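Take a look at the structure set out below.
The values are calculated or read from the model by the stated rules, or taken from the named source; none is laboratory data. This structure is a prediction, so every number in the text was calculated from the model and none was measured. Note that we place each Cβ from the backbone using ideal geometry, even for glycine, and neighbour counts take in every protein chain shown. When the accessible area is computed, the model is the full protein with side chains, heavy atoms only, and any ligands, DNA or RNA have been set aside. Shrake-Rupley method; radii C 1.70, N 1.55, O 1.52, S 1.80 Å.
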Amino acid sequence: MAAAFLATAALAGAQPAVEQSSDWKAANEAVGQFKRGHADLLKWEAAHGANAAPDAAATAGFPVPSLEAATRLAWRPHLELQKVLPRLGDDNVARIAQGRWHEVDARHQRRIEGVGEVFEVAADARRAWLRAVADQQAVRLQRASLEAAEAAAELGRRMVKVGNWSAYQQSRVELGLASERRALQQAAAAARQSERALLHTLQLNGVHERLALPDTLPDLPKQSLSPAELGARLAEIKAQLPRVDQWKVEANFGQALASRDATLAVARGLRDDVMVQRQLIVDESVLQYNGMLKSVWELLTEVQAHAQSQRETIAAVRDYWLADTDLMWVLQGGEPTAFVAPGGAAAGEAPAAAH
């Protein structure tokens, strides 16, 4: 999307037809000079060096490609666990690393000393990995949003230069661009902080400077464990604990289950409803823009709204997996310091659109 803005912006300063016009349709009319419209515009842009530079954030780092990898890495520096893990057996270790904690016999909590720490370290690793991946994904989306804003600002500057726009009109675009730059700086800082937190959790700080993480979070599950299945698991774990801890686990279970169900509902709603509608709106806006029925500024508004919904969806998916981790941890007798509030970290205002 940003590429189309960049090409149009370049043409706005290069083609006489645009320089002589006084409305937004003139910028769109530049498309008519190419046989296949924006498809050819993109080729023109590539030939004239207008493409964005390669992503500087894509630097090599130590690979941590999955939750399972993060869990296994987190266990390594804990020497006391190297005696516990063999007692659990390879199958149970794999179940824990893969997040299938409910498949591990609850009686191990009483039979094997130190098994609680195995789960606790795994829970910490999962949380840190989820936050780091989500934050890096948000940076990539914010960078794309900034590119679109930069392209719109460049188009506006060229229109001001040839007298088709006022400085007042351009100032609103520049303010929007400044907001996008600030948002990217904030997102990048948050991503670096969460990456450092993951390095610390894995005890790789001082050994590695950067981590190579996947581009996206894991998908939402097609089906989650039912309250009845979880209740059976709760009864198993309670039988292994002292009475005072049984009460605590039961109270935490209610909060953890409510958090998991709420975050899952929010994440599915954003993914299956909001994003579907946002994509439909953007697709239609592109068609109207190509047909000169919608201005570049209106298209930019829809692109920015789409990007904001994407960021909210990422945060909601992250929140679900964090809540799921808390629930699994509770069902091993653990006690999270706080429970995830659905939408708490995902909320945010869309950047002001320029017109």
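If each Cα of the range 225-355 is one equal point scatterer, what is log10 of I(q)/I(0) from the Debye formula at q = 0.12, 0.13, 0.14, 0.16 Å⁻¹? Computed log10 I(q)/I(0) values: -0.59, -0.64, -0.69, -0.80.
Size descriptors for the range 240-288: radius of gyration and Dmax over Cα atoms are 20.5, 67 Å. The distance from the alpha carbon centre of the range 247-276 to that of the range 182-200 is 25 Å, rounded to a whole number.
Taking 0.36 nm per residue of sequence separation and removing the Cα-Cα distance, the D105/D261 pair yields an extension gain of 53.7 nm. Note on the range 210-279: along the principal axes its Cα atoms extend 52, 35, 17 Å, ordered by decreasing extent.
Summed over the residues of the range 192-292 and divided among them, the accessible surface reaches 57 Å² per residue at a probe radius of 1.4 Å. For the range 202-319, the share of accessible area belonging to carbon and sulfur comes to 55 percent (1.4 Å probe, ligands and nucleic acids excluded). Here L287 and E174 are evaluated by their C-beta separation; at R0 = 25 Å the FRET efficiency comes out at 0.30.
The share of Cα pairs per 10 Å bin across the range 130-189, counted from zero up to the longest distance, runs 25, 38, 23, 11, 3 percent.
For the range 82-194, the spherically averaged projection of the C-alpha convex hull amounts to 9.6 nm².
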